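The values are calculated or read from the model by the stated rules, or taken from the named source; none is laboratory data. Computed from a predicted structure; not experimentally measured. Cβ coordinates were reconstructed from backbone atoms using ideal geometry, including for glycine residues, and neighbour counts include every protein chain displayed.
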Ligand code: 13P
């Protein structure tokens, strides 16, 4: 069982074409010898410029969302074909900020996921509990629901990357401990084994996300079930290269 680590950034609603291209150009030489897969998921309008900036490098560009329909009257949305036309490889689906602020549900996550898979985009599906849910002892119940509803009908689960992002750790500087992250991600892997097949679950890449940074990445990445990171704040600076080189 060998899973190639995968470190991805999520720029959220940050950067401009100019500052983003500058960062990518500075990152390129720093990450070129990475042993892991590397991606930066960027705001849709920055995609063409960031794909160009990342040319001839091992940095892949991803999107932060995708609509489920092929086209139509969906003002403000972006289709999978539009993303693919510009060289996008990855797409984040169901980030907790979209669930919290934009009405994303397990059902819409599932629709977006199927569209991504059918069009050849590599989906990064986010799951995670809020602080209230963790404190109420509902973490496993919430994750079970997000996984069983969100991943419903997927034929080849190995094509889906899962990002476990406890909502209370996102942007708060409060990282899950190595043990908490390992324990919860091991639970997610077990659940995927039950929902699909145990052998496939061993092949699924599961990232941790939530205040992962240059200082704590090594400890998190040393956990047996943690295969990578989905990095917010630290992906906006050169610290991202330190995380990508966690094993050096
Ligand atoms: P931070 O790394 O800023 O906590 O964000 C994590 C995240 O939400 C990545 O998707």
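Per this entry, residue 127 is counted among residues that are within 16 Å of the ligand (Cβ to nearest atom) and closer than 20 Å to residue 225 by Cα. Could you go through region 159-170 and let me know if any residue there is without any contact (Cβ under 8 Å) to a residue 40 or more places away in the chain and more than 20 Å from residue 99 (Cβ to Cβ). No, region 159-170 contains no residue that is without any contact (Cβ under 8 Å) to a residue 40 or more places away in the chain and more than 20 Å from residue 99 (Cβ to Cβ).
Taking residue 55 as the residue in question, decide whether it is within 18 Å of residue 20 (Cα to Cα) and either more than 16 Å from the ligand (Cβ to nearest atom) or under 14 Å from the mean Cα position of the chain (by Cα) (or both). In short, yes. Just one of the listed residues (47, 7, 61) is more than 16 Å from the ligand (Cβ to nearest atom) and either modelled with pLDDT of 95 or more or in contact with a helix residue (DSSP H, G or I) (Cβ under 6 Å, 6 or more places away or on another chain) (or both), namely 47. Please tell me if residue 130 is over 18 Å from residue 165 (Cα atoms) and out of contact with any strand residue (DSSP E or B) (no Cβ under 8 Å at 6 or more places or on another chain). Judged against the criteria, residue 130 is not a match.
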